[in-house]
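Have a look at the structure below before the remarks.
The values are calculated or read from the model by the stated rules, or taken from the named source; none is laboratory data. Nothing here was measured: the structure is a model prediction, and the numbers come from that model. For neighbour counting, all protein chains shown are included, and Cβ atoms are generated from backbone atoms with ideal geometry for every residue, glycine included. Side chains included, ligands, DNA and RNA excluded: accessible areas come from the protein's heavy atoms. Shrake-Rupley method; radii C 1.70, N 1.55, O 1.52, S 1.80 Å.
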Amino acid sequence: MERPLVGILMGSDSDLPVMRECAAVLEEFGVPYEMTISSAHRTPERTKEFVEEAEKKGTRVFIAGAGLAAHLAGFVAAHTTLPVIGVPLEAGPLKGMDSLLSTVQMPPGVPVATVAIGKAGARNAAVLAAQILATEDATLRQKLKEYRRRQAEKVREKAEAVEKG
Ligand code: RP5
């Protein structure tokens, strides 16, 4: 098993259907990761230990997804100086706005790079993690360029289909 470069955490197994998107994107880029369920509120000690152990193993970026009063990404950021990406998840009647604000409104000095609510955010969190790693990895940079090229190609194909009518 390759050394995980990205540590993915989520507050509950109910977050898994969305957070799997992170894993899928990292797999596309061939970035080794580890993924766990750990909560800022329900298992604070376990979360702290996971972050500390991951850092020792060589993890370079953390992604943390949570819903409701989503303090997981901030909690992780409080225990590391590695970059932390927060994914706000929809888990209650406020449709993810609660998690967005809980994740994004970090006090100065302890940042969390917060992405969009839900699946789009989960995918972008993984792309951003890959971009951070790519600052020191030319092969990964090339894969990211190719990913953008394929994305543009898909738009062109869709445009052609619409224009043909
Ligand atoms: C948060 O509470 C989790 O991240 C999840 O989004 C939400 C609900 O958790 P469960 O009650 O489904 O375990 O901490």
The chain - mean residue ellipticity at 222 nm from DSSP helices (-39,500 (n - 2.57) per run, n ≥ 4, rounded to 500): -17000 deg cm²/dmol
Rounded to whole Hz, the Karplus (6.51, -1.76, 1.60) HN-Hα couplings of the range 19-30, x for glycine and proline: 6, 4, 4, 4, 4, 4, 5, 4, 5, 4, 8, x
Ranked by how many other beta carbons lie within 10 Å on average, peptides 102-110, 153-161, 127-135 from highest: 127-135, 102-110, 153-161
Accessible carbon and sulfur surface of the range 1-117 relative to its total accessible area, %, 1.4 Å: 57 percent
Long-range amide H partners of Ala40 with built H, under 5 Å: Leu72
Ranked by how many other beta carbons lie within 10 Å on average, peptides 7-17, 63-73 from highest: 63-73, 7-17
Gain on full stretching of the segment that runs from Glu153 to Leu16 - 0.36 nm per residue minus C-alpha separation: 46.3 nm
Accessible area in square angstrom per residue, the chain, 1.4 angstrom probe: 55 Å²
Degrees, to the nearest 10: 138-164 long Cα axis against longest axis of the chain: 50 degrees
Karplus-derived 3J(HN,Hα), 6.51/-1.76/1.60, for each residue of the range 33-43, Hz, glycine and proline x: 9, 10, 9, 8, 9, 7, 10, 5, 9, 7, 9
Fluctuation leader among Lys56, Lys95, Lys48 - the chain, Gaussian network, Cα springs under 10 angstrom: Lys56
Under 5 Å, built H, 5+ apart or other chain: amide partners of Val112: Met106
